[in-house]
Amino acid sequence: MPHPIISEFDIIFAGGGTTACVVAGRLAAWDPSLSILILEGGQHTLDQAAHVQPYRYTSHQAPTSTTMTFNVGNPSPRLNGRAPIVPCAHCIGGGSSVNAMFYTRAPASDFDDWGTEGWESKNLLPLMKKLETYEVQPDRPTHGYSGPIKVSSGGYKLGVSEEFIHVGTTYHKRQHVEDTDDLETCNTYSPWAKYIDGTTGRRSDAAHHYVYNQAHNANLQIWVGKRVKRVIFQDKRAVGVEFTSDLVSCPDAGQSSSIVRASKLVVISAGAFGSPAILERSGIGAETILKRCNIEQLVNLPGVGENYRDHNGVFVPYFAADEAITMDPLWLGKENVVQENLAQWKVDGKSLIAQNGSDAKIKWRPDDDELKAMGSAFQPRWKEFFQDRPDKAVAIFALCAGTAGLRLRILPPRNYMVACCFTLYPVSAGSLHIKLDENGQEGIDFETGYLDDPTDIVPLNFGYKRMREILRRMPSYRGEVPAGHPHFPTGSAAVCGETIGPVDLNAPDLIYTAEDDEAIDRYHRSRMQTTWHSLGTCAMKPRADQGVIDSRLNVYGVTNLKVADMSIAPKNVGTNTYSTALLIGEKAAMMIADDLGIECRPCSELSWKSPRSRL
């Protein structure tokens, strides 16, 4: 039975995440006559409190959340047999609508290392500046001051973050600078800016700032609750997509398929998980993968779904002083605290509502003593990759004022701090592909690759020790939450527990035995998790090197089909990936406009007008 063809557009976006919003919004502003359709499996985020009030980002990680898809990886012996869970966004705006809003940018050399024509840092810097309004400091040469995305310090200054920086610059003996996101500076302590509008106190996301503010343009349409099944081809030319209702966001909908046609272009923008799956369901991928799913191969492209990358994160809880200001009361939903902060936020955009809990970080590189303490296993990786690249950090160390998620539900209600460590360039890579279960239902065969390379765990193990030394010197420190730390042997000097206060800045470091080190290693294999930075599965590389798209985002072997999202990154980037997703969107918009002969005029209409009332 033929599928009904319900409409035709010039351009169809299969997925409505960060990059899709950027590209669609730019193109619609440049040429309002262009008919554009965004198909998104999730729901709208327009003016919804859970998306625009920054402090509520933690709610999207709840197991019952419908704004995220929880992808389950295969069990791994390197993770003590665990099956890791890796969420990705499932709503308009994608990660920009649900992430923690950390403003971080990759070093310029990351883009140069991609080795892709047109994507060198010197060509990308104008776009990095174009997309942002940097409200933190004036007149910074690598920052922009008139773009749609607002960057600020948030609506409340957290004292515990100032403690973190003070201990970092005294005990840890690193410098302090205001801006470590200038594309080159690292290994210094700094404030951590946020994707929060400094005037309104709202999240600064791609949905509101690129597409929702163009509701006047009837040619830009967004259909939510629609899951793209596959791309439709005629003689290897993409001419449309087939879609069904999404069962997560539309559980009562039927599963009949429809087809919508694209006269000019189809852009797959479904993220590191969704984009390779759409390609494989469309017959583009490795023969063995397609054959086991009973899909006829259209193009042999074995790189589809390979090269999966992420950052490795560990989040370790500590007790904080009763008098410390943390996010815990808000995240616990204490009504009086929430209402008090909401009242102020509605007036001036300030208060803890406009906070994500983290005001300080260091893009950390080990010094000689730290390298020695890390042992011989990491030395080859250091010399091969980091030693002569002084702009590349090994990890980000940061402090979060409060604990969220599962920990918050099982720990006694009080104040907490969390030591955050995530490594930026793990060696390990994974893969993800579609598969059919015994009932013929589609699932994913997902190998995260986490900690497969033995060098990847070394910075985590050292990071635990260094961060513990920093926190135990902070005035707000009141000990370690034992259930959230390694289980050290009885009698060890490293045994964790509650204390009455910090140690002196000049106190000696804890001494860890070989047994203690084994406990830390086991802990990380049991606790290390995603940082929600999945990328690389439709890599922009030469076809012979398992590439999926060329430098202009065209899928190899077909025409009128591009991919634009974090899946295209051929190598990892040393940053929270929202900044890179925005950048890819701006670059993709320029390329598509060039392909279609559209003039890329200034987009003053993309400047978001702050609403008179805040949710």
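Conditions tested, residue by residue: (1) open to solvent by 20 Å² or more (accessible area, probe 1.4 Å); (2) free of Cβ contacts under 8 Å to residues at least 60 places away in the same chain; (3) touching a Ser or Thr at 6+ places or on another chain (Cβ under 8 Å); (4) of a type in the set (Gly, Ala, Ser).
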{"site": "241", "(1), (2), (3), (4)": "no, no, no, no"}
{"site": "275", "(1), (2), (3), (4)": "no, no, yes, yes"}
{"site": "280", "(1), (2), (3), (4)": "no, no, no, no"}
{"site": "298", "(1), (2), (3), (4)": "yes, no, yes, no"}
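Within the span defined as region 55-75, every residue fails to be of a type in the set (Ser, Thr, Tyr) and open to solvent by less than 10 Å² (accessible area, probe 1.4 Å). Quick check: is even one residue across region 187-201 in contact with a strand residue (DSSP E or B) (Cβ under 8 Å, 6 or more places away or on another chain), farther than 24 Å from residue 417 by Cα and of a type outside the set (S, T, N, Q)? Taking every residue of region 187-201 in turn, at least one turns out to be in contact with a strand residue (DSSP E or B) (Cβ under 8 Å, 6 or more places away or on another chain), farther than 24 Å from residue 417 by Cα and of a type outside the set (S, T, N, Q). Could you please let me know if residue 462 is part of a helix (DSSP H, G or I), open to solvent by less than 40 Å² (accessible area, probe 1.4 Å), among the aromatic types (Phe, Trp, Tyr) and out of contact with any Leu (no Cβ under 6 Å at 6 or more places or on another chain)? In short, yes. In the set (1) at positive phi; (2) touching a residue at least 24 places away in the same chain (Cβ under 8 Å); (3) of a type outside the set (D, E, K, R); (4) open to solvent by less than 60 Å² (accessible area, probe 1.4 Å), residue 262 fails one condition alone, (1).
Looking only at residues of region 199-223 that are part of a loop (DSSP other than H, G, I, E, B) and in contact (Cβ under 8 Å) with a residue 12 or more places away in the chain, we find that the one that is farthest from residue 350 (Cα to Cα) is 219.
Can you name the residue in region 511-540 that is part of a loop (DSSP other than H, G, I, E, B), closer than 19 Å to residue 421 by Cα and of a type in the set (A, V, I, L, M, F, W, C) and, of all such residues, is least open to solvent (accessible area, probe 1.4 Å)? Here the answer is 528. Within region 327-341, the residues that satisfy the criterion of being outside any helix (DSSP H, G or I) and open to solvent by 30 Å² or more (accessible area, probe 1.4 Å) are 332, 333, 334.
Screening residue 150 against (1) part of a helix (DSSP H, G or I); (2) more than 21 Å from residue 364 (Cα to Cα) leaves a single unmet condition, (1).
Checked against the criterion of being crowded, with 22+ Cβ neighbours inside 10 Å, among the aromatic types (Phe, Trp, Tyr) and touching a strand residue (DSSP E or B) at 6+ places or on another chain (Cβ under 7 Å), region 205-227 has no qualifying residue.
Take the conditions (1) assigned to a strand (DSSP E or B); (2) within 26 Å of residue 66 (Cβ to Cβ); (3) among the hydroxyl-bearing types (Ser, Thr, Tyr); residue 256 misses just one of them, which is (1). Working only within region 19-51, note down all residues that are under 30 Å from residue 334 (Cβ atoms) and crowded, with 24+ Cβ neighbours inside 10 Å. Selection gives 42, 45, 51. Pairing each residue of region 150-178 that is more than 20 Å from residue 474 (Cα to Cα) with any residue that is crowded, with 21+ Cβ neighbours inside 10 Å and of a type in the set (Asp, Glu), provided the two are 6+ apart or on different chains, yields C-beta distances under 6 Å for 150/197; 151/132. From the list 235, 246, the one residue that fits, being within 29 Å of the chain's Cα centre (by Cα) and either at pLDDT below 95 or of a type in the set (Phe, Trp, Tyr) (or both), is 246. Here the condition is being assigned to a loop (DSSP other than H, G, I, E, B) and open to solvent by 70 Å² or more (accessible area, probe 1.4 Å); of 501, 547, 491, it holds for 491 alone. Any residue at all in region 174-190 that's more than 30 Å from residue 467 (Cα to Cα), part of a loop (DSSP other than H, G, I, E, B) and aliphatic (A, V, I, L, M)? Checked region 174-190: no residue is more than 30 Å from residue 467 (Cα to Cα), part of a loop (DSSP other than H, G, I, E, B) and aliphatic (A, V, I, L, M).
The values are calculated or read from the model by the stated rules, or taken from the named source; none is laboratory data. Remember, it's a predicted structure, so these values are computed and weren't measured experimentally. All Cβ positions, glycine included, derive from the backbone under ideal geometry; neighbour counts span all protein chains shown. All accessible areas refer to the heavy atoms of the entire protein, side chains included, with ligands and DNA or RNA removed. Shrake-Rupley method; radii C 1.70, N 1.55, O 1.52, S 1.80 Å.
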